[in-house]
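A short write-up of the structure that comes next.
Here, each number is a calculation from the coordinates, and none is a lab measurement. Bear in mind the structure is a predicted one, so any value in this text is a computation, not a measurement. Backbone-built Cβ (ideal geometry, glycine too); neighbour counts: all protein chains shown.
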Amino acid sequence: MELIFLGTSAAIPSKKRNHTAIALKAFGEVFLFDCGEGTQRQMAKAKVSPMKIEKIFISHLHGDHLLGLPGMIQTMAFRGREEPLHIFGPAGLKEMLEAAMKLGYFSMNFDVYVHEISAGKIIEKEEYVISCVETEHTVPNLSYCFEEKKKPRFLRDKAIKLGLRPGPAFGKLHRGIPVRLGDRIIRPEEVLGKPRKGIKITYSGDTRPSENLVKLAKNSHILIHEATFEAGKEDKALETGHSTASEAAEIAKESNVKNLILTHLSTRYKRSDIIEKAAREIFKNTIVAYDLMSVEVRKYATEDDN
């Protein structure tokens with residue numbers, strides 16, 4: 001499982017920071033959270049193919065978070081994509097995207113499904129669940145949570161003692177399906193260990209400090225939170241609907257997350273140390289993301305998760 005920060009700037013890109021976009025590689029899929037202008041070029045640098053993206057999650061309808069969508073969709077069409085693309089975001093996304101897709105001439109052989117959502121569970125698969133909440137920006141903003149559904153450990157020795165032989169029955173029991181052994185039914189709970197917590201990643205989008213986000217991020221392994229401004233710029237952050245580094249750190253602390261990654265930095269900050277230092281005074285396990293930074297998510301798991 002890998003996080004790739006494709007863009008880490010705020011409203012205006014700089015020489016070192018592109019508009020916001022984060023790719024998550026997990027379970028053979030590539031999930032994209034936000035898609036600012038220039039995202040597909042960043043993907044080329046990071047060797048992430050847009051053809052592997054099936055689901056895109058847009059936090060809000062400001063241009064620095066979504067203007068990369070039309071170009072990316074056209075690129076998919078030029079490359080002969082046939083698989084459908086699902087895009088999730090707040091109300092108004094469908095109208096915006098329909099208008100953008102009328103720019104220029106091109107043909108498409110695949111379907112684009114736009115899902116306008118508000119709060120709650122969005123997707124649930126065997127391996128993961130994705131949910132969102134509404135948070136506080138100058139326009140409606142959605143914060144997202146990706147949570148791995150990790151199976152309990154399979155107790156192989158115990159299964160063998162019960163008379164089972166290694167084979168398909170092991171797999172069924174691990175998936176929660178009872179199996180018959182002679183005249184007896186062996187139930188999954190007889191051969192499974194304690195529940196295990198899967199990887200949990202929460203992404204804020206653009207927001208003021210929010211109780212909804214605290215609840216969503218509770219006990220996350222990684223909280224990705226915007227830090228548009230340095231500590232001491234709370235008035236500016238309040239005016240623009242953003243957070244300072246210290247406010248993001250307070251959210252991390254209150255949410256009891258394991259690690260905080262700050263992103264969405266204003267171009268006024270040529271160096272990130274002023275952002276990182278302020279956050280670490282409140283929440284030690286903080287780093288500031290930079291463009292094309294790659295994070296191996298599993299290293300943030302604890303022994304209890306394995």
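Summary of values
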item: Ordering of 70-79, 232-241, 29-38 by packing [mean C-beta count within 10 Å, highest first]; result: 29-38, 70-79, 232-241
item: Hz values of 3J(HN,Hα) by residue in region 153-165 - Karplus curve (6.51, -1.76, 1.60), Gly and Pro given as x; result: 5, 7, 8, 4, 4, 5, 5, 5, 4, 7, x, 7, 9
item: Rounded Å value of the spacing that divides the Cα centres of region 91-138 and region 139-215; result: 28
item: Rg over Rh [alpha-carbon atoms, Kirkwood Rh] for region 230-306; result: 1.01
item: nm² value of the averaged projected area, convex hull over the Cα atoms of region 95-208; result: 12.0
item: Ordering of 163-170, 53-60 by packing [mean C-beta count within 10 Å, highest first]; result: 53-60, 163-170
item: The chain: Rg to Rh, with Rh as the Kirkwood radius over Cα pairs; result: 1.04
